[in-house]
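Notes to accompany the following structure.
The values are calculated or read from the model by the stated rules, or taken from the named source; none is laboratory data. The model shown is predicted, which means the values in this text are computed figures rather than measured ones. For neighbour counting, all protein chains shown are included, and Cβ atoms are generated from backbone atoms with ideal geometry for every residue, glycine included. Side chains included, ligands, DNA and RNA excluded: accessible areas come from the protein's heavy atoms. Shrake-Rupley method; radii C 1.70, N 1.55, O 1.52, S 1.80 Å.
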Amino acid sequence: MSQPRIEGLFTLGVRPDSYRLPHPRLGLPVVLLVRRVLLHAFEVLRERGFPFAEMTEDAITEALRALIENDLRQNGQVKGFSRKTYETVVRQGEVSNYDFTKRRKSPDLCFKLRHGDEEPRPVLSEHYALFVECKPIDRTHAAGGKYCDKGLCRFVDGDYAWAMEEGFMLGYARDGRTIAKHLLPAMQQRLEPLKVVELPKPIARPDTRVTAAEALRASRHRRGFPWVDGNGPATDILVYHSWHNCD
């Protein structure tokens, strides 16, 4: 059955021929760089005595954003990540969902490449980024009810990263929660709602030097919504899962 045509951008003054969907993939090197930035930020905060075990999701996320933006992006401590290569790292910047019926969606973090003097790209600038959704997983925040139903689903349903083919889930794991023992069973119980094509699997050889985070994994999901301006059904999205020990 054909998908309905959704008029959204033309009514906002955007020409349908000025962009293409899906937007170009950022690629694994970009994802791994953001992962290195996050790992370094966690490490620095631990060295400074930040009490991860006692802090709320919002407090952890804001501490990470503040350090990444005001320290790491400014001084270039993580190779490849600096003011020259990335825009300001934004927390809860408002974007619209896939059909512009929800205009105040707020992903937790947004990493946007700076393209400098390159030719203009056929993208919607505010939607061309690596969007990161952060969630705690512990005794009071279940991998299913919190992480999946109130986080991961937003990439599947077209609330976040609807123009992209990549998204990023950042987990604050406590009380012994792990991807293998907690996320995988939760996702297996939600195969249809999450439109799971592939369950999370490691996407790179684990770095044995990293002891406070699990190996990065990625899951693949179908998306059941149509793109605006007659661009057809949305393609699959690859969602990366980066879980960090916050005990």
Sum of -39500 (n - 2.57) over DSSP H runs of 4+, divided by residues of the chain (222 nm, nearest 500): -5000 deg cm²/dmol
Cα principal axis extents for the stretch 86-137, largest first, Å: 40, 27, 14
Flagged as over-length at 18 Å C-alpha distance, from Lys105/Lys135; Lys146/Lys181; Lys102/Lys150; Lys79/Lys112; Lys84/Lys135; Lys105/Lys150, the pairs are Lys84/Lys135
Only bridges with both residues in the chain count here: give the DSSP antiparallel percent, nearest 5. 55 percent
Which value, in Å to one decimal place, does the Kirkwood hydrodynamic radius take for the chain when every pair of different Cα atoms is included? 18.7 Å
Students often check this: by mean Cβ neighbours within 10 Å, which of 214-222, 142-150 ranks highest, and how do the rest follow? 214-222, 142-150
Using 7 Å Cα-to-Cβ label points, what is the Leu191/Asp58 separation (nm, one decimal)? 3.8 nm
Å² per residue, accessible surface of the chain at 1.4 Å: 48 Å²
Would you look at the GNM of the chain, springs on alpha carbons closer than 10 Å, and say which of Leu109, Leu170, Leu199 moves the most? Leu199
Which FRET efficiency value, to the nearest 0.05, do you get for Ala142 and Gln77 by plugging their Cβ-Cβ distance into 1/(1 + (r/R0)^6) with R0 = 30 Å? 0.30
As I understand it, the value is the acute angle between the Cα axis of helix 57-67 and the longest principal axis of the Cα atoms of the chain; what does it come to in degrees, rounded to 10? 90 degrees
Would you mind calculating the relative contact order of the chain from Cα pairs under 8 angstrom and at least 6 residues apart, reporting the percent as a whole number? 22 percent
Accessible-area ranking of Lys112, Lys102, largest first, probe 1.4 Å: Lys102, Lys112
Where does the charge balance sit around Asp175 when Lys and Arg score +1, Asp and Glu -1, over other residues with C-beta under 15 Å from its C-beta? +1
Keeping all protein chains in position, work out how much accessible area Phe168 exposes to a 1.4 Å probe, and write it in Å² to the nearest 10. 0 Å²
Can you give me the solvent accessible area of Val197 with a 1.4 Å probe, rounded to the nearest 10 Å²? 70 Å²
For the chain, set up a GNM with springs between Cα atoms under 10 Å and report which of Arg177, Arg65, Arg20 has the largest fluctuation. Arg20
